[in-house]
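In what follows, a structure is listed as structure tokens, so that the remarks can point back to it.
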Amino acid sequence: MSPANSQTFTFARRRASALLGVGAALLLSAAIGTPSNEPRDYARYVPVPHVLANPTLWSLLAAGAAIAWLLHSAQFSAAGTTFAFRLSRLQQRCAIWRGPLLINSTIFCLTALAAAGRAILAPELATADASARWLQAAAAIALFWHRGRPFAGVLIALLFAMAAREHGPVPMIGELTFVGVAVYLMFTSWPHAQRVLVLRACTAAALMWLAVEKWIDPDWVGRVAQNHPVVTLGLGGPEALVMAGVIQCSLGFGLLWRGLYATFSAIALACFMSIGILESGLVDLPGQVTLLGVLGYLALDRVPTRMYGRRQGAAHVALSLIVCAVVAILVHFALVYARAG
């Protein structure tokens, strides 16, 4: 087969796989529709002093910081360097799947939401605006072509703005992953490392923000955990909610760093989310598939085979985890009280 024919066959195979994904999204959306979620009552949030005075939270955060320190320090050991080299080789072999994984997952999400209707970027972000589904469909179609991806990024950013206008800024911080995807698609002239950094930062902020909700609104999360025990890893009691939040916060924070910590965090988060989606009967798949695609993309981001710096930098990573968790709690309360006022 000539190179030209081989390239044509590759493009045709990618288009066929994307079309199959669109078909699956249409069937899934027709089967499950758009689930209705219970509205949030921000007045029942646990006060900040009570959250910060919880000894379980500080104990688990210290344990998470210790694990972050170990993972970051392992990169400087002989065994860690060898493992990082082999992992980098594996990621290099799978690099061809990075782009299609992110693009196809976004197409699946937009197609499912457009077909089901009444939602913007996630099933819980309901809307009565009929233009949302047309924007979703246009963005999904534009993603089939490389030149159409910046236009798709603009549409995704517009959908995010529409959702923020209807639902306010507090729920949308948990959807910042879409901002990262929009920036990644729009600014193709930026250096690749900068686009990935924005994607990392937005995804980490969204996951840490959702983790904070497990600490400051245990009643609402507890009711969700009754129907979906995977939210608390199958454990019961208020301590389980704190532990689940610390795990999500620590792994989300790990996405900010390149290396073994970031790769481990992306793989672990993808596994936890996949279990939760399967346990819920695929109802949450349209709203979570883009995040799964982003996590897969970041998991395949090559680990540096030679780490520059000192081991003492691991202590900085561990301390930053605790500081970011406290800042996320304070910012969450500040925005909620500002919205209530």
Residue check, Ser189 against (1) small (Gly, Ala, Ser); (2) out of contact with any helix residue (DSSP H, G or I) (no Cβ under 7 Å at 6 or more places or on another chain); (3) in a helix (DSSP H, G or I); (4) modelled with pLDDT under 90, all met but one. Which one?
-> (3)
Reported set for region 71-108 where residues are among the aliphatic types (A, V, I, L, M) and without any contact (Cβ under 8 Å) to a residue 12 or more places away in the chain is Ala78, Ala79, Leu90, Ile96
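Test Gly293 against the stated conditions and say whether it is at pLDDT below 75, under 22 Å from Gln91 (Cβ atoms) and among the small types (Gly, Ala, Ser).
On the way: at pLDDT below 75: no; under 22 Å from Gln91 (Cβ atoms): yes; among the small types (Gly, Ala, Ser): yes.
No, not satisfied.
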Any residue in region 205-219 that's in a helix (DSSP H, G or I): show its pairings with residues that are charged (D, E, K, R) and surrounded by fewer than 22 Cβ atoms within 10 Å (Cβ to Cβ) at Cβ separation under 8 Å, as long as the two are six or more apart or on different chains.
-> Asp219/Arg44
Quick one: in region 124-183, which of the residues that are in a helix (DSSP H, G or I) and of a type in the set (Ser, Thr, Tyr) is surrounded by the most Cβ atoms within 10 Å (Cβ to Cβ)?
-> Thr177
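Condition test on Arg200, is it modelled with pLDDT of 80 or more and either not acidic (Asp, Glu) or not in a helix (DSSP H, G or I) (or both)?
Spelling it out, Arg200 is indeed modelled with pLDDT of 80 or more and either not acidic (Asp, Glu) or not in a helix (DSSP H, G or I) (or both).
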Test for Gly234: is it modelled with pLDDT under 90, touching a Lys or Arg at 6+ places or on another chain (Cβ under 7 Å), over 30 Å from Leu143 (Cβ atoms) and of a type in the set (Gly, Ala, Ser) = no
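The rows are residues; the columns are (1) assigned to a helix (DSSP H, G or I); (2) within 13 Å of the chain's Cα centre (by Cα).
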{"residue": "Met243", "(1), (2)": "yes, no"}
{"residue": "Trp257", "(1), (2)": "no, no"}
{"residue": "Ala266", "(1), (2)": "yes, yes"}
{"residue": "Ala270", "(1), (2)": "yes, yes"}
{"residue": "Val289", "(1), (2)": "yes, yes"}
{"residue": "Leu295", "(1), (2)": "yes, yes"}
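If a residue must be part of a loop (DSSP other than H, G, I, E, B) and in contact with a Lys or Arg (Cβ under 6 Å, 6 or more places away or on another chain), how many such residues does region 109-123 contain? Outline the logic, then answer.
Here is the first cut: in region 109-123, the residues part of a loop (DSSP other than H, G, I, E, B) are 117-118, 120-123.
Right, trim to in contact with a Lys or Arg (Cβ under 6 Å, 6 or more places away or on another chain) and you get 117.
So the answer is 1.
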For region 113-140, name all the residues that are in contact (Cβ under 8 Å) with a residue 60 or more places away in the chain, within 19 Å of Gly293 (Cα to Cα) and in contact with a strand residue (DSSP E or B) (Cβ under 9 Å, 6 or more places away or on another chain).
-> Leu113
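The values are calculated or read from the model by the stated rules, or taken from the named source; none is laboratory data. All figures in this text were calculated on a predicted structure; none of them were measured in a lab. Methodologically, a virtual Cβ is constructed for each residue, glycine included, from the backbone with ideal geometry; neighbour enumeration extends over all protein chains shown.
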